[in-house]
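Before any comments, here is the structure.
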Amino acid sequence: MGKSNSSVLHVVVGAGIIPYFRNAVESIVRNTEDVVFAVYNTISTADADRFANFVATPEFGDRVVFTTLGNEGASKTGSLYDAYNLAIDYASERGFDYLNFVQGDCQLMWWNEGLVARLDEIFSAVEEVDGPGVLCVGTVFPVFGKFVGSNFSRGIFFDTDLNCLAAAGAAVADVGIFAMSGIRASRFRFVGTEEELQNTYRREKVPMLDVPCVAFIPWPATVRNGRVVGKVVEPTSLGSPILRLKVGFRPDLIQPSFDTEPFWMEHYIAPNGWDCLFPYWPTSIDKPKWWKRRLKACRQLGVKPWTRASQVFTDSPHAGLGVQVVPVGKDILLALIGGLWRYFLTYQRQLFGSVTARSRAIWR
């Protein structure tokens, strides 16, 4: 695999949680020599002040371009997509070849020149097969605790035309690498809701990196209705990454493979100086579906529902030694109670609607 001269603009978009945003930006600065376009969506006046204090530190230099937006819009994708489109304009004006979208609750785990050369190969192959157009290459370590094994891997296959792994029936992602040539050819913009975007740009197969390079922070605090929900994990020291690669992981392992078993995050990524439930969950727990999926994932992995990452990654600090643990018990309890209450209200509305419909049918 030869040297690549293609240029990459890494894009970080975060909202409301400075420690996560800082970690995402630092992970790119640590692993690459590329430019970072970092957009922070503020959720309050106090949050805007915290962001101003953060960008005032001179540690990042000219490689990181910071900007801010208000966290507004009709849906949770409103400000996110505004920030993404801002990054597309920035990259287009400056002639970048690729955009690497990394959200604020993610971390770039590794990067090297061979990865960029591999991107050149994948994008060239796809353009020969499908022609120019919007194209996204998947970059994220899939989470076993969310996809529950076979539910995810059924749609992953090795495509001999593209000479890479691909996901069947997938669409563009909001964490992944886009080719600017495809964006220009289709005049692509991030618009609407996530579901609408997926439906508009759905294609038969979306290529994936042979080895993922981006990981979500498991059990993250999230921003819901303009406030932070859950416990924010702080780095153990300034500049220390929140996540770490498992000892022995080879980040230069980029090679086509007919082995379609995903690189599960649970096998390769561990908390760095803190602890959490294992297997992982990559988003909020305000809907109790995570509990059902967790039980199934635990059965497949052969672990107990209360298993922690420190019990799997034996070189990690244990919870009993005073390290941070997420999610905390009260958050789990509140999430389950809130989810069950919403299900109860939904059931009551459906029952009332059914009774009303039957009554009308009888009295006609």
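Any read-out appearing in this document is the output of simple, stated calculations on the displayed coordinates, not a laboratory observation. Keep in mind that this is a model prediction, so the values were computed, not measured. Every residue, glycine among them, receives a Cβ derived from its backbone with ideal geometry; neighbour counts consider all protein chains shown.
Couple of notes before you dig in:
- Rounded if a/c under 1.5, otherwise prolate or oblate - the chain, Cα gyration tensor axes: rounded
- Comparing F352, F66, F54 in a Gaussian network model of the chain (Cα springs below 10 Å), the most mobile by mean-square fluctuation is F352.
- E196 versus E93: modelled label distance in nm, points set 7 Å from Cα along the beta carbon direction: 2.6 nm
- Ascending count of other beta-carbon atoms within 10 Å, so fewest first, for V206, V12: V206, V12
- For the chain, built as a Gaussian network whose Cα springs stay under 10 Å, the top-fluctuating residue of R308, R189, R349: R349
- Pairs from the list K205/K231; K205/K296; K205/K304 with a Cα-Cα gap above 31 Å: K205/K231; K205/K304.
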